[in-house]
Amino acid sequence: MESSNGGGWRMVMVLYVAVSMVGSGWCSKFDELVQPSWATDHVIYEGELLKLKLDNSSGAGFVSKSKYLYGKVTAELKLVEGDSAGTVTAFYMSSDWVNHNEFDFEFLGNRTGEPYLVQTNLYINGVGDREQRMDLWFDPTADFHAYSILWNPRQVVFLVDDTPIRVFSNHENRGVAFPRDQPMGVYSSIWNADDWATEGGRVKTDWSHAPFVATFRGLRIDGCEWAPEAGAPAELRRCGGSGWGKEGRYWWKEKAMEALSVHQSHQLIWARANHLVYDYCNDPGRFATHPPECGK
């Protein structure tokens with residue numbers, strides 16, 4: 001079980017132990033939760049590890065067997081070691097509607113000795129272009145670290161080892177779109193993106209270092225599992241309309257989860273002050289009009 005920071009997360013972990021939750025705990029058998037989404041021969045199971053491999057023939061990916069409306073997903077991940085320039089490893093949630101919602105962790109590879117950059121992004125009703133990039137306060141290729149996405153009616157939070165690095169709050173009352181009402185699957189993939197991933201595409205993938213391997217040690221999905229046979233209105237009521245459901249208490253919608261705790265707010269300020277390298281909110285070259293959610 002993951003460590004906790006702040007009173008809010010400690011309460012969450014107590015609730016997780018005390019009641020029968022929707023979704024799953026840490027999963028050592030990945031095939032209970034996910035299945036390959038493409039290039040099955042590049043998806044490798046090794047005991048409690050799942051590896052995604054990229055070579056000059058293909059990348060690879062997996063997808064959850066179920067979809068969820070609200071919740072928290074966490075993956076323990078060790079990124080590609082050595083020269084990973086040109087590669088991207090992604091861990092994300094996405095719906096499959098035309099105007100889809102999506103929450104992205106994208107890990108941008110780099111030349112040996114240069115730091116990885118972590119790009120987060122959100123698509124809401126099919127509109128993205130909300131990228132932020134950070135470096136990390138550790139070497140993500142040396143050991144496993146936990147990357148999480150929390151999604152509830154009030155906020156989307158990206159966390160690294162339970163430290164929040166980005167918050168997207170619900171400001172629908174101010175005319176800002178917020179992701180809701182679309183069930184989302186959990187995905188991961190690795191692919192070649194040397195047209196943009198490393199130094200804007202100036203550094204290309206060196207295939208002599210292939211295969212490039214991203215390794216997962218754990219996956220946890222706590223969420224309201226979407227039952228398509230029940231129909232969208234019924235599932236929206238069950239997963240979105242109440243803090244209670246027949247499967248148990250939806251802890252990700254508790255009052256304490258509607259905003260960061262004081263400790264988490266301090267963590268967020270520290271992470272962004274020391275590690276943020278790009279924020280679309282501060283890029284007038286891309287956005288002549290300031291994005292409406294920025295600064296709110």
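Bear in mind these aren't lab numbers, they're just calculated from the coordinates by the rules spelled out. Note that the coordinates shown come from a computational prediction; the quantities given were computed from them, not determined experimentally.
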CD proxy at 222 nm, helix term only [per DSSP H run n ≥ 4: -39500 (n - 2.57); per residue of the chain; nearest 500]:
-4000 deg cm²/dmol
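Over the stretch 192-294, what relative contact order in percent results from Cα pairs under 8 Å that are six or more residues apart?
10
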q = 0.10, 0.15 Å⁻¹: log10 I(q)/I(0) that the Debye formula gives for the chain, counting C-alpha atoms only:
-0.53, -1.26
Gaussian network model of the chain, springs between alpha carbon atoms under 10 Å - residue of 120, 112, 87 with greatest fluctuation:
112
What is the gain in length, in nm to one decimal, between residue 139 and residue 274 on full extension, counting 0.36 nm per residue of separation less the C-alpha to C-alpha distance?
47.1 nm
For a test of understanding, tell me how many lysine pairs in the chain have Cα atoms under 18 Å apart, given they are 8 or more places apart or on different chains.
11
